[in-house]
Amino acid sequence: MSPTSSPRRRTLTAGALAATAALVAAGVQVATATAVPGRDTAIAKARANVSHNAELFGFGAGQALQVKDVVIDADGSQHVRFDRTYQGLPVVGGDLVVHQDAHGRLKDSSRAKGHNPAVRSTVPSVPAQTTAAKALAAAPGISSATSQPELVVWAADGTARLAWQTTVSGLGKQGQPSGRVIVTDATTGEEIEHFDAEHEASGTGRSEYTGDITISTTLQSNGQYALIDPVRGHTTKDAHNISSSAVKASSGTLFTDADNIWGDGRKFSSDRATAAVDAHANTAWTYDYYKNTFGRNGIKNDGKGATVFVHVGTNWDNAQWSDACFCMMTGDGDGTTDPEQVDLDTMGHEMTHGVTSATANLRYSGESGGLNESTSDIFGTMVEWYANNSVDTPDYLFSDQSTPPWLRRFDKPSLDGRSADCWSKKVGQLDVHNSSGVGNHWFFLASEGSGSRTINGVTYNSPTCNGSTVTGIGNQKIAKIWYRALTVYMTSTTDYKGARTASLNAAKDLYGAGSTEYNAVAAAWSAVSVS
């Protein structure tokens, strides 16, 4: 019945009033239909059982049943779940389950707890547009919202009445897709209930790089799970191989799934959700590292989550952060030796570019550009240490998973044949990915010290440029110092000499001038020829 129908009266039969024990609002998924032989037969038998036992199920004229789920046990027992409609309108609280034996004979039912008398109700006197406006006003915290009212028979409390069930869709406080359902009496306009349209869920991800992991997902009002992290606010999308230059915030398709089990755990996987699992989980780890270590609330420290795109470009062996779309983009690798660019330290690296942009905004050229890259290498690596995953164990080898055996390393950066171990006047003329070696080398020396050592099964041998011996104080302290230097003292044109000053100021703030930490920072800078 539309809001413009003539004001004739409509009788709601007792069957229309039936509410199940679960009293689940229509449209919320309870389980996924099981595709097994005999499903159609089970449904047909269940419909017949409802029809033959109409009084038991409160089933009468004007009603129809819509199959929602079928579960068949190992012994053949059948459980058929229906949603109910009355004269074409969904009956909220009218769902039921028919329990049958292997031959389709009725064994039991899940139905209304009590018998509701017939109630007569008029056509809605509150129009849809008024309801929509009230629903928007009743959904605080959701911005850029739209609303869509739907006329339903609301019988969840045993008293049937016509109601507007309005879904308000928009963006939550963290920038994530958000929704709220408001139910109002269609005659009086009074609110009956409200609830979130989307619900936090824990999915199982079969990742490419970190094994089977738990990921935060959202159960949407259509019954599908989505790669929307309701806690951190980020979403993960399939870019469908469009070029990185064409990616916008609105690009791509949100990953959705029926059973909340994602990916197949294989490298070069044909299952497009596998890369999405890594991207989604690693974005969460990066968010949590900054939040739990430094109290930083998101990339821009504004509580908003980023959009993450996987499958960008064709054989694009790269990843990047874009301030323009506030998004992270990852490619599928070169298709032969390098798989998807969604490993943990790579993701942490790229998102740290967003942190740098929102703080010191180090210019991406010359020595400041090298510091920009080094900062991303440092914190990308620290995210890996924070996650402490048993499959991708923490190390000082950057991007070793997606670019084996590694793309860059900290103990002696020049082992890649391009990067600088020590500062010189020529460092600023190098590509920023190579001039970053000075900062990476400093970080290793200050964290772990000089000379040879084995950490988590990896052997390192870090020399000094001045022949000194450096004793490290641990990467957590050095990362804490570097973060303060970045967010408090560095500016867009900071060079390596300025980085030394900034980090010493930070060490003094945190641990005091002349402290062991302060002296370790100074010694490590001298060891890479920055004085």
- Task: Compute the accessible area per residue over the range 193-323, keeping the other protein chains in place, probe 1.4 Å, unit Å².
- Result: 40 Å²
- Item | Carbon plus sulfur fraction of accessible area for the range 294-342, probe 1.4 Å, in percent | 38 percent
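Listed highest first by mean packing, meaning other Cβ atoms within 10 Å per residue, what order do 72-85, 203-216 come in? Working shown, then result.
On the way: 72-85: 17.9, 203-216: 20.6.
Order by mean packing, descending: 203-216, 72-85.
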- Query: Along the charge dipole of the range 177-279, Cβ charges K/R +1 and D/E -1, which of 253, 214, 187 sits furthest on the positive end?
  - Reply: 253
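Tally Lys and Arg at +1 and Asp and Glu at -1 over the other residues with C-beta under 15 Å from the C-beta of residue 290: what net charge comes out? Walk me through the numbers on the way to the answer.
On the way: positive: 232, 291, 296, 300, 304, 480, 484; negative: 229, 288, 302, 345, 350, 384.
Within the 15 Å Cβ shell, the charges total +1.
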- Note on the structure: So for R0 = 22 Å, FRET eff. of residue 74-residue 264 from the Cβ-Cβ r, to 0.05, ends up at 0.25
- Message: Under 23 Å between alpha carbons, and skipping anything fewer than 8 positions from residue 107 in its own chain: which lysines qualify?
- Response: 45, 68
- Message: I'd like the accessible area for residue 321: 1.4 Å probe, protein heavy atoms, all chains in place, Å² to the nearest 10.
- Response: 30 Å²
- Counting only heavy atoms of protein chains, what accessible area per residue, in Å², does the range 384-529 have with a probe of 1.4 Å? 41 Å²
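Could you please state how large a percent of the accessible area of the range 373-511 is carbon and sulfur, counting protein chains only and using a 1.4 Å probe?
Numbers: 2540 of 5460 Å².
Summing carbon and sulfur atoms, their accessible area is 46 percent of the total for the range 373-511.
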- Note on the structure: For residue 480, the lysines lying under 25 Å Cα to Cα, once residues fewer than eight places off in the same chain are dropped, come out as 291, 300, 304, 412, 497, 508
- Mean separation of Cα contacts under 8 Å, 6 or more apart, over the residue count of the range 471-531: relative contact order %: 34 percent
- Query: Which of the listed residues, 307, 337, 270, is farthest toward the dipole's positive end in the range 248-340, when Lys, Arg count +1 and Asp, Glu count -1 at the beta-carbon?
  - Reply: 307
- With the contact rule set at Cα under 8 Å and sequence spacing of 6 or more, what percent relative contact order holds for the range 423-525? 25 percent
- Query: Near the amide H of residue 68, under 5 Å away, which other amide H atoms are found, from residues 5 or more places off or on another chain, if H is placed in the peptide plane?
  - Reply: 81, 82, 83
- Which far-off residues, 5 or more places away or on another chain, put their amide H under 5 Å from the one on residue 264, with H placed in the peptide plane? 274
- Query: Which whole-percent values make up P(r) of the range 435-507 when all C-alpha to C-alpha distances are grouped in 5 Å steps starting at zero?
  - Reply: 4, 15, 23, 26, 17, 10, 4, 1
- Test item: Cα-centred dipole of the range 274-362, Lys/Arg +1 and Asp/Glu -1 on Cβ, debye: 580 debye
- Could you give the distance between the Cα centres of the range 263-339 and the range 484-531, to the whole Å? 31 Å
- Query: What order, most packed first, do the peptides 152-160, 59-67 have when packing is the mean number of other Cβ atoms within 10 Å of each residue?
  - Reply: 152-160, 59-67
- Rg and Dmax of the range 212-325, Cα atoms, in Å? 14.1, 38
- Message: About the Cα centre, and with charges only on the beta carbon of Lys, Arg (+1) and Asp, Glu (-1), how big is the dipole of the range 314-442? Nearest 20 debye, please.
- Response: 640 debye
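Taking the Cα centre of the range 288-327 as the origin, how large is its charge dipole in debye, to the nearest 20, when only Lys and Arg (+1) and Asp and Glu (-1) carry charge on their Cβ atoms?
Numbers: 4 positive and 4 negative charges, 39 e Å.
For this selection, approximately 180 debye.
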- Note on the structure: Over all Cα pairs of the range 301-392, the Kirkwood radius sets Rh, and Rg/Rh then becomes 0.98
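The values are calculated or read from the model by the stated rules, or taken from the named source; none is laboratory data. Quantities reported herein were computed from a predicted structural model and do not represent experimental measurements. Methodologically, a virtual Cβ is constructed for each residue, glycine included, from the backbone with ideal geometry; neighbour enumeration extends over all protein chains shown. All accessible areas refer to the heavy atoms of the entire protein, side chains included, with ligands and DNA or RNA removed. Shrake-Rupley method; radii C 1.70, N 1.55, O 1.52, S 1.80 Å.
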